[in-house]
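The values are calculated or read from the model by the stated rules, or taken from the named source; none is laboratory data. Keep in mind that this is a model prediction, so the values were computed, not measured. As a convention, Cβ positions derive from the backbone with ideal geometry for all residues, glycine included, and neighbour counts pool all protein chains shown. For the accessible areas, the whole protein counts, side chains as well, though only heavy atoms, and no ligand, DNA or RNA atoms are used. Shrake-Rupley method; radii C 1.70, N 1.55, O 1.52, S 1.80 Å.
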Amino acid sequence: MNYDQVFAEAIAKLKAAGNYRIFADLERRAGAYPQAKFRGPQGAADVTVWCSNDYLGMGQHPVVLEAMHEALRSCGAGAGGTRNIAGTTHHHVLLELELADLHGKAAALLFSSGYNANEATLSTLARQLPGCIVFSDAANHASMIAGIRHSGADKQIFNHNDVADLERRLAAADPGRPKLVAFESVYSMDGDISPIREIGAVARRHGALTYLDEVHAVGLYGRRGGGVAERDGAMGEIDVIQGTLAKAFGVVGGYIAGSAAMVDVVRSFAPGFIFSTAIPPAIAAGALASVRHLKTDHALRERHQERAARLKRLLAEAGLPVMPSASHIVPVLVGDARLCKQACDELLERHGIYVQPINYPTVPRGSERLRLTPTPLHDDATMARLIAALEDVWSRLRLRRAA
């Protein structure tokens, strides 16, 4: 067998469908975000980034940078190993205490990424509960799906954000079997928000554990940035909260927070945690500074929400097909994979605006889109340039406008 030919054919099919991904060579500018330098075939060019998950610009915040510099000077670069062998530093311990406090839980556990946190925790918890049935929202992230699959547990997929469907499924299940309900707070492609309190109440009524992915909400919602569950007064309804340090907190890594017994069983049995090198102390220090800062910086969260609302309004006024969103995510419908990629190329080449196409399998075919993520640092002039650029591209490509 010609293995490379098989691989080449698989890539050719991906390109033919318009779903081949090309990574952009970007150089972020600390102190000038959302401006960056793009290095493409025609050389370097200045661009404005409109699709970053660094939602608050904390990746360049002086408080975060200073904490990382100090930890780098005092501790060096790497952690030195897995948490069990040599990788646990005082920065990790302090960060876990801070995250547990953020979510009102007894304990927290750090992972190398949010994906790793979801995959390792869900697979371990369901495996440790004999006969467990996992009830998973139909729109859950790939990392949650992978964790559920790897657990080997029975699973049921309930309709997206459909509390009645979840209730029916839980009621029909064997009352003697352990149950775990897994869902997200903010769904990152459509920007919709789950009814956390209602899902939690249904789960509790049927004796099920609740697992909530808050990666697109921590730092952004709630009095102290604890997420939508904190905003809605529903943290007590949730047994396990999973979050990330790589989005609103501006660095990298993932975590879970919950009861001391639950966290200890994941720490002790999850291969994805046990055999992974710990995040560097400088990263932990930067995350710690970011979490602490965002517990009190309400103005930054308010500015973020105002920016998202303004952008949605400007898009609607321009007749551009902004999709309904209850959160800070601002999706603009294109509806065709090739045109979505072409629109992004035109925005970059003609207008110096960087946004990535969101195509299948991230979203269903026919719902391809631009996913815009305004931050507190996207000012009115930057927004005006974006709207003008989108109107130009929509006209040039004859894309469908809002009804």
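When the helices (runs of 4 or more DSSP H) confined to region 109-198 are screened for residues that are small (Gly, Ala, Ser) and surrounded by 17 or more Cβ atoms within 10 Å (Cβ to Cβ), those reaching at least 2 such residues are found at 114-128, 142-151. Scanning region 294-327 for residues that are open to solvent by 30 Å² or more (accessible area, probe 1.4 Å) and touching a helix residue (DSSP H, G or I) at 6+ places or on another chain (Cβ under 6 Å) yields Leu314, Val322. Among the residues of this structure, Val332 counts as one that is touching a helix residue (DSSP H, G or I) at 6+ places or on another chain (Cβ under 7 Å), modelled with pLDDT of 95 or more, part of a strand (DSSP E or B) and crowded, with 18+ Cβ neighbours inside 10 Å. For Arg396, the conditions (1) assigned to a helix (DSSP H, G or I); (2) among the basic types (Lys, Arg); (3) under 25 Å from the mean Cα position of the chain (by Cα) all hold with the exception of (3).
To keep it simple, each residue is scored yes or no on (1) at pLDDT 95 or above; (2) within 20 Å of Glu368 (Cα to Cα).
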site	(1), (2)
Val6	yes, no
Ile11	yes, yes
Ala16	no, yes
Tyr20	no, yes
Phe23	no, yes
Gly31	no, no
Gln35	yes, no
Gly40	no, no
Ala44	no, no
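Within region 63-79, residues that are within 18 Å of Thr277 (Cβ to Cβ) and open to solvent by 60 Å² or more (accessible area, probe 1.4 Å) reach partners that are modelled with pLDDT of 95 or more and assigned to a helix (DSSP H, G or I) with beta carbons closer than 6 Å, at six or more positions or on different chains, in the pairs Leu72/Ala282; Cys75/Pro281. Listed by first and then second residue, the pairs linking a residue in region 170-183 that is farther than 15 Å from Ala126 by Cβ to a residue that is part of a helix (DSSP H, G or I) and among the aliphatic types (A, V, I, L, M), with Cβ atoms under 8 Å apart and 6 or more places separating them unless they lie on different chains, are Leu170/Val202; Leu170/Ala203.
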